[in-house]
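What follows is calculated from the coordinates using simple rules that are stated; it is not laboratory data. A quick note: this is a predicted structure, and the numbers were derived from the prediction, not measured. Using ideal geometry, Cβ is built from the backbone for each residue, glycine included, and neighbour counts are taken over all protein chains shown.
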Amino acid sequence: MKAVQASAFGDSSVLSLVELPSSEPGPGEIRVRVHAAGVNPVEVYIRNGGYAAYDPGLPYVPGFDAAGVVDAVGAGVDCAVGDRVFVASRDTGTYAEYVVADASSVWPLPAGVSFAQGASLGIPGLAAHRALFERGGLKAGEQVLVHGASGAVGYLAVQLARAAGASVIGTAGSDEGLAAVRDLGVPVVDHRAPDQYDQIKALTGGHGVDLIVEMLANENLVDDFTCLATFGRIVVVGNRGALEFNPRLVMGKDADIRGVANWNASPAARATALGDLAAKLADGSLVPRVGREFPLAEAAAAQDYVMTSKALGKVVLTIG
């Protein structure tokens, strides 16, 4: 099979297209013929080396998200060859024509959902779901701010929060991103505007937001407190650097700052979140946004692109 392999840790030049044997599924495993694979920032962090939460060893095939068709099944698996599925794997390997994954990582893909959309669900959907519910404790009627709502995680978080009965405000930083979030039916604030936090608080009638899903904590965390309600929570999904922070901000509002990392999810929590995502995908209440698509051979360019501010929705590799 054709696959993208990282031969060393470093920049995107360590990625190359190679021929590798495809593995047979063991008991409780499923082999999927991949039609699309998702590209996530976490795969760049791992490729750069020194990512504490996950060490794939060398060489390795990157990627956790995919969608395609079941090609072979191991013993004890309740699905059939030919089923359309999406993959949210705990292990790397989806930048390839075939991937073998544990059956708990493979979920039905409805007929009306494209393979690219299916590959846009695993990592970002799990992060969005856990940020809102497991870590954020979201309740119906609360006010939620989703930073970076036009991105892969944020776009799903907006839809999940609305479905849970919350009032949602999104932010985005481009005209295209603002339009995409507005099309979801929620108010959206341009985070390039110097008064963005005043606008956000005004949208809550001065109350402030009860929960913030934070995608870039090193830039936004301090300012988030200007629009956070008393007893509010901030869940940090993304961060790209250090910052100077005064803990009195937390004390002054009896606030909580919580982190979320998919690696820490228990098997039960993963199953709950992925099951809910699959159900909402099936009933049409959750629609992943596909951004730019790259062919498998251009995985290096795709990883470079996903780290830029141009990336809207999910960056996807097409494999066929």
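Stretched out fully, how many nm does the piece from Y51 to S104 gain, at 0.36 nm a residue minus the Cα gap?
Here the answer is 16.6 nm.
Which percentage, to the nearest 5, of the DSSP beta bridges contained in the chain is antiparallel?
55 percent
Each residue of segment 16-26 in order: what ³J(HN,Hα) in whole Hz does its phi give by Karplus 6.51 cos²θ - 1.76 cosθ + 1.60, θ = phi - 60°, with x for Gly and Pro?
8, 8, 9, 9, 10, x, 8, 8, 8, x, x
Of the candidates A53, A273, A37, which one comes out as most mobile in a Gaussian network treatment of the chain with C-alpha springs shorter than 10 Å?
Top of the fluctuation ranking is A53.
Would you mind telling me which residue in P25, P267, P41 has the biggest mean-square fluctuation in a Gaussian network model of the chain, where springs connect alpha carbons within a distance under 10 angstrom?
Judging by the Gaussian network model, the answer is P267.
Nothing charged except the Cβ atoms of Lys and Arg (+1) and of Asp and Glu (-1): what's the magnitude of the dipole of segment 1-120 about its Cα centre? Round to the nearest 20 debye.
180 debye
Please say if segment 272-320 is rounded, prolate or oblate, where rounded means a/c under 1.5 for a ≥ b ≥ c the square roots of the C-alpha gyration tensor eigenvalues, and otherwise the choice is prolate for a/b larger than b/c and oblate otherwise?
prolate
Summing -39500 (n - 2.57) over the DSSP H runs of n ≥ 4 in the chain and dividing by its residue number, what mean residue ellipticity at 222 nm do you reach, to the nearest 500 deg cm²/dmol?
About -7500 deg cm²/dmol.
Give me the percent relative contact order of segment 124-263, please, defined on Cα pairs under 8 angstrom at least 6 residues apart.
Contact order relative to length: 23 percent.
Counting Lys and Arg as +1 and Asp and Glu as -1, what is the net charge of the other residues whose Cβ lies under 9 Å from the Cβ of V70?
Value of the local net charge: +1.
Give me the net charge of Q5's neighbourhood, meaning all other residues with Cβ under 12 Å from the Cβ of Q5; Lys, Arg count +1, Asp, Glu -1.
Net of charged neighbours comes to +1.
Run the numbers for D190 and D175: contour at 0.36 nm per residue of separation, minus the present Cα-Cα distance, in nm.
Contour length minus the Cα-Cα distance gives 4.6 nm.
So what is the relative contact order for the chain, in percent, with contacts set as C-alpha pairs under 8 Å and at least six apart?
This gives 20 percent for the chain.
Just going by the charge dipole of the chain, with Lys and Arg at +1 and Asp and Glu at -1 on Cβ, which of A36, A279, V237 is farthest out on the positive end?
The residue sitting most towards the positive pole is A279.
How charged is the neighbourhood of L296? Take every other residue with its Cβ under 12 Å from the Cβ of L296, and add Lys/Arg as +1 and Asp/Glu as -1.
Summing Lys/Arg as +1 and Asp/Glu as -1 gives -2.
Say we join alpha carbon atoms closer than 10 Å with springs in a Gaussian network model of the chain; which of G26, G50, G173 then has the biggest fluctuation?
Highest fluctuation among the options: G50.
Normalised radius of gyration for segment 124-263, please: alpha carbon Rg relative to 2.2 N^0.38 Å, two decimal places.
0.94
Dipole magnitude of segment 63-139 about its Cα centre, charges +1 at Lys/Arg Cβ and -1 at Asp/Glu Cβ only, in debye to the nearest 20?
420 debye
Using θ = phi - 60° and the Karplus curve 6.51 cos²θ - 1.76 cosθ + 1.60, what whole-Hz ³J(HN,Hα) does each residue of segment 141-150 get, with Gly and Pro shown as x?
Result, rounded to whole Hz: x, 7, 9, 10, 10, 10, 6, x, 6, 8.
State whether segment 1-141 is rounded, prolate or oblate according to the following rule on the C-alpha gyration tensor (a ≥ b ≥ c being the square roots of its eigenvalues): a/c under 1.5 gives rounded; otherwise a/b larger than b/c gives prolate, and the remaining case gives oblate.
Oblate is the answer for segment 1-141, as a/c is 1.5 or above yet b/c matches or exceeds a/b.
Note down the magnitude of the dipole of segment 124-263 about its Cα centre, charges +1 on Lys and Arg C-beta and -1 on Asp and Glu C-beta and zero elsewhere, to the nearest 20 debye.
In debye, rounded to 20, segment 124-263 gives about 380.
Using a Förster radius of 41 Å, what is the FRET efficiency between S7 and D198 based on their Cβ-Cβ separation? Nearest 0.05, please.
0.25
If you plug each phi of segment 48-56 into the Karplus form 6.51 cos²θ - 1.76 cosθ + 1.60 with θ = phi - 60°, what whole-Hz ³J(HN,Hα) values come out, in order, with x for Gly and Pro?
Computed from phi, the couplings for segment 48-56 are 5, x, x, 7, 5, 6, 7, 10, x Hz.
Provide the gained length on full extension for the span A268 to A111, in nm with one decimal, where the gain is 0.36 nm per separating residue minus the Cα-Cα distance.
Roughly 53.8 nm would be gained on extension.
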